[in-house]
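Participant: Got a structure here, written out as structure tokens. Questions coming.
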Amino acid sequence: MTTSLRSSALAFDAIAPGFDARFGAWRSVAAQRNVVRAALIETFPVGGHILEVGGGTGDDASFLAERGWNVLHTDPSPTMVSLARNKLEPLGSYAEVASAEEMDQFASRYLSSGGRQFDGAFSNFAPLNCVSDLEPVACGLARLLKPGAIAMLVLFGTFCPSEILVEILHGRPGQAFRRGKRGEVRARLGQSEFHVVYHRRTEIVHAFAPWFKLERTLGVGVTVPPSAAEPWISRHPGLLAAMENIDKIVARPMSILGDHVLYQFRRSV
């Protein structure tokens, strides 16, 4: 593992103490999270051993642990991991500092220390968009997952009409079309700057293809707006509920238009 944090990990580490308070109250975030959680419960084997990549403060890992799954939460931010441990250890699960970029090295350490392979893996709310090269992530996950296991990876969509509309209404046309840019795109969180990459579907599938087969995609937030619509959308729960109902219909056929897209991969046997 590297001795210094990357810029994205530093940015999230700096806001970690207030992360849950800031994002936890936003209804749009909860609506999108609920879609992913429903997919996780539907897909992962009951009581299985699950790996989370880029799990932040551990909310999703705790959700699974409370329902009987054994979860290893990983995140590159030491402060995020500390907060996650406080949630997970009473539930019999655990958390470690590990970055997605170094998932292959993490696999070597974990397996050589006697760790057993996982029954599934997931990554929610786009931590993999902070990774420029997805191939080491895929390689590491291939070593960590049992043959036939599922990896459910949620990344930013590359064309999100709801974000375009929100950003234009806010007078930020440059932000409205940022997902169309190739390569590293500058981002800001609090006082920190870092870069994200809006990976295209073909690039994601290609990075995982040596070890994984894509089974389905699911749009997360096709009509439910992104967090840029907060706090306004949280003041209109009726409207948000209607958007959630529409998303249940269009999430699969219109997955490409999601604020996020859930990619469900199966480890090759």
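Participant: Considering only residues of the stretch 227-261 that are acidic (Asp, Glu) and not in a helix (DSSP H, G or I), which is nearest to ARG22 (Cα to Cα)? Break it down into steps so the answer makes sense when it comes.
Facilitator: Residues of the stretch 227-261 that are acidic (Asp, Glu), as a first pass: 230, 244, 247, 259.
Filter again for not in a helix (DSSP H, G or I), leaving 230, 259.
Numbers: GLU230: 11, ASP259: 19 Å.
Filtering first and then ranking leaves GLU230.
Participant: Check off (1) of a type outside the set (Gly, Ala, Ser); (2) within 25 Å of ALA251 (Cβ to Cβ); (3) over 16 Å from the mean Cα position of the chain (by Cα); (4) part of a loop (DSSP other than H, G, I, E, B) for PHE125 and give me the number that stays unchecked.
Facilitator: Going through (1) of a type outside the set (Gly, Ala, Ser); (2) within 25 Å of ALA251 (Cβ to Cβ); (3) over 16 Å from the mean Cα position of the chain (by Cα); (4) part of a loop (DSSP other than H, G, I, E, B) one by one, PHE125 breaks only (3).
Participant: Does the stretch 208-221 include one or more residues that are surrounded by fewer than 22 Cβ atoms within 10 Å (Cβ to Cβ), at pLDDT 95 or above, of a type in the set (D, E, K, R) and in contact with a helix residue (DSSP H, G or I) (Cβ under 6 Å, 6 or more places away or on another chain)?
Facilitator: no
Participant: Something else about it: Just need a number here: residues in the stretch 40-58 that are aliphatic (A, V, I, L, M), assigned to a helix (DSSP H, G or I) and over 13 Å from the mean Cα position of the chain (by Cα). So that I can check it myself, show each step before the final result.
Facilitator: Just the residues of the stretch 40-58 that are aliphatic (A, V, I, L, M), to begin with: 40-41, 46, 50-51, 53.
Next, only the ones that are assigned to a helix (DSSP H, G or I) stay: 40-41.
Checking which are over 13 Å from the mean Cα position of the chain (by Cα) leaves us with 41.
Result for the stretch 40-58: 1.
Participant: If you don't mind, there's one more thing I want to ask. Residues that are more than 24 Å from PHE63 (Cα to Cα), of a type in the set (S, T, N, Q), assigned to a helix (DSSP H, G or I) and more than 17 Å from the chain's Cα centre (by Cα): does the stretch 108-122 have at least one? Can you show your working first?
Facilitator: Applying the first criterion (more than 24 Å from PHE63 (Cα to Cα)) to the stretch 108-122 yields 108-109, 111-114.
Now restrict to residues that are of a type in the set (S, T, N, Q): 108, 112-113.
Cutting the leftovers down to assigned to a helix (DSSP H, G or I) gives us 108, 112.
Filter once more, keeping what is more than 17 Å from the chain's Cα centre (by Cα): 108, 112.
Yes - at least one qualifying residue is present in the stretch 108-122.
Participant: So in the stretch 11-26, with the set limited to residues that are over 16 Å from the mean Cα position of the chain (by Cα) and assigned to a loop (DSSP other than H, G, I, E, B), which one is nearest to ILE233 (Cα to Cα)?
Facilitator: Checking each candidate, the answer is TRP26.
Participant: Looking at the stretch 64-90, which of its residues are under 17 Å from LEU153 (Cα atoms) and surrounded by fewer than 24 Cβ atoms within 10 Å (Cβ to Cβ)?
Facilitator: Across the stretch 64-90, the qualifying residue is only LEU72.
The values are calculated or read from the model by the stated rules, or taken from the named source; none is laboratory data. The structure displayed is predicted, hence computed values, not measured ones. Here Cβ is always computed from backbone atoms with ideal geometry, including for glycine, and neighbour counts include all displayed protein chains.
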